[in-house]
Structures are given as structure tokens and as C-alpha cells.
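Taking it in order: structure first as C-alpha cells, then the write-up.
Rule-based calculations on the coordinates, nothing more; no lab input. Just so we're clear, the structure is a prediction, and the values are computed from it rather than from any experiment. Neighbour counts run over all protein chains shown; Cβ positions are idealised from the backbone, glycine included.
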Amino acid sequence: MMAKLLIVEDPRNFKNIVGRSRPIREVLGRVARIAPTDAIVLITGESGTGKELIAKAIHANSKRSGRMFVPVNCAAITDTLLESELFGHAKGAFTGAVNARKGLFEEADGGTFFFDEIAETSLAFQAKLLRAIQENEVRRVGENRPIQVNVRIIAATNQDLLTAIAEKRFRQDLYYRLNVARFQLPALRDRREDLPDLLSYFLDKYNRKMRTKARLDEGVLEALATYDFPGNIRELEHMIEQAVALVQDGVITSSDMLPATRQAEVRRGPNTGRTLAEVTDNAERQAIEMALREYAGNRPKVAEVLNISVTTLWRKMTRLGITYDGH
């Protein structure tokens, strides 16, 4: 069902997740169902869609929430260092290993381990990780003695793992072990109705951080309505942060937000050939029709969740040729 704006900042709930669109509500609904279990989770989606936020939400709503949440960016660490960091090492296992050391798996015992960019690891490391997951045990580098661990595994990637498997870059058996509970995060362009709320949220965040009172010009939302956001929510946040930092007169305009090379494209809509008015009308039509279906044609309720008056709703439906026949 349609819902009012969701901004929950309680770290034991859905911290910093903003939205009211169907795609994000479906994701959070699955989080609520999966989190209390110990199921392994695989989160996929484009860069910047909030995969780590969802991983943290799963941990925060689980029975492991009182223990550690350990995130590891697999793309930022070499295989050798990654193995030592995760599994630990014995004294003298390699040059510089002057003392035995626990790995992060041992440190996170009872908690949740988040492997970000799991597809960036080597096949050799993937084999060792698979064994650790299947056996619930690790072996420190330079030791043969197994150490029992109890951690929940969440993995994330922006790559197509089936393609990676076909190209012999990712182990099929590890994929099936990870793909127990799957979350596919929507791109920002697929949840555009959340854009006003995200803009407001990030503007407030950086105004407080920088002790400013910047506000958005009325044309900003209109200009962003057809922008692709290849970097998704992370890109939007960086755009707002930069605009707040550099704004001259306290009013952020579309030119402050968008790269100059995108200005002309935005006026026509990305790769569509449609005017901005056509794109906006289509977005409004979809939102209204979805709400009418959700609330069985109850116009006062539809107007309430869309934050417009019943009269404005009637005018928009008339202008856009929207009727409701119960389907």
C-alpha cells in the first residue's frame, strides 16, 4: 500500500533510509521479514543505491544487533591482506607477522559480517570463504587448527554474478551459497517519486553540518526530474553537499546541482526525445494511477498520500485523462 514519507534514523530500525515509493517499501518489507532469521543475504544493485545501509538495517533488526557489524570492502584490499584480516594469522606466518593475531571473523563472533563488492575477490579466496561459510570455521594463516565462528554473512555487489560465473571470475558454488535471501535494490531513476524527500533530507543534513540555511530554487526538482543519476543516491547526496558548500546567495539553483554538460540534455529528457513537461506528466500519471489502485479509487485518501488537495487531484486527473474503473 502507499505510505507516507519514511525517514527512520533509529539505528535499531532503518537508519537513514528515506522514501515512500513502492520499490523502497518492498525492500524494507523484506528486510523486516528476513532480518530476524539467520539467513545469508545477497544484496545486488548499482553503485550508490545504498547496499550497506540495507545490510546495516538487516543487522539492526536481527537478534545479533547487540553484537558487531563488520563491513569489509573487498575491492579495497589485496587478497593476501584480506585473508589475513578476515581469518587472522599465526606468529611467523609471513614477513612482519611478529605476533599471532585474531581475524575479523573471530572478532565478529555472534555478529554480522558484510562483504561489500564480493565479486572483486579472487577464485582462490572465494574457495576459502565458501569453506568458512559452510563449516562455520576459519583457519588462521599459517595454522591448521580450525576455529569455530558464528557469524551471519551478508554480501553485496554491483556486478551481474551470473555473467561473472560464465566468465570464470566467480565461483558458482559460492554464488548458490550466498544467494539464499536476495535483495535487488532499485536505481534512483526507478524511484523518482522519492526525489523530493531525498532532496529535503540531504539539504537539511548538510545545512546542519555546515551551519547554513541554503534552500532549493523552485526549478531544481523540475531540472532533476529527467536526470539519469548514474551514481544514484550517493551522487545526489554529493551534489547537495557541494551545492550547500558553494552556494553564494543562499539559494541553490539547477546550475549549482547539475554538471554544465548535462544541462541541455536534461531540458529534453535523457535518451527519450520527450520534453520535460511530457516526462513530468508521465510521472504524475503513474503516481496517481498507482495510488488509485492501492486505495480502490478513494480520492480523499489518494490526495492525502500524494500531499495534494482533492480539488488539485481532480484537476490533474482531468488534465491527464485519468479515470478509475476499479482495476
ask   = For the stretch 152-261, what is the relative contact order in percent, using Cα pairs closer than 8 Å and at least 6 residues apart in sequence?
value = 26 percent
inquiry  = A 31 angstrom limit on the alpha carbon distance is what I want to check against. Which of 102/205; 213/316; 56/316; 102/209; 51/102; 63/301 exceed it?
reply    = 102/205; 213/316; 56/316; 102/209; 63/301
query = In what sequence, highest mean first, do 164-171, 302-309 appear when ranked by Cβ atoms within 10 angstrom?
reply = 302-309, 164-171
ask   = Just how far, in whole angstrom, is the stretch 189-216 from the stretch 122-181 if you go by their alpha carbon centroids?
value = 38 Å
task = Report the residues of the stretch 213-248 in range of a label on residue 75: point 7 Å along Cα→C-beta, backbone N strictly under 16 Å from it.
result = 230-236
key: Diffusion constant of the stretch 153-251 at 10 °C, which comes from Stokes-Einstein with the Kirkwood Cα-pair radius and 1.306 mPa s, µm²/s   = 98 µm²/s
Calculated Rg and Dmax of the stretch 139-211 using C-alpha coordinates, Å = 20.3, 55
query = Tally Lys and Arg at +1 and Asp and Glu at -1 over the other residues with C-beta under 9 Å from the C-beta of residue 71: what net charge comes out?
reply = -1
query = In nm, to one decimal, how far is the modelled label at residue 310 from the one at residue 135, with both set 7 Å along Cα→Cβ?
reply = 6.8 nm
inquiry  = Sorting check: for 228-234, 317-323, 58-64, which peptide has the highest mean count of neighbouring beta carbons within 10 Å, and how do the rest follow?
reply    = 58-64, 228-234, 317-323
request  = Please compute the net charge surrounding residue 217, taking Lys and Arg as +1 and Asp and Glu as -1 over other residues with Cβ under 12 Å from its Cβ.
outcome  = -3
message = Using a 7 Å offset from the Cα along the Cα-to-Cβ direction at both residue 102 and residue 32, what is the distance between the two label points in nm, to one decimal?
response = 3.6 nm
query = Once label points are set 7 Å from the Cα along Cα→Cβ at both residue 286 and residue 176, what is their separation, rounded to one decimal in nm?
reply = 3.7 nm
Net +/- balance of residues flanking residue 256 in space, Cβ distance below 12 Å, scoring K and R +1, D and E -1 = -2
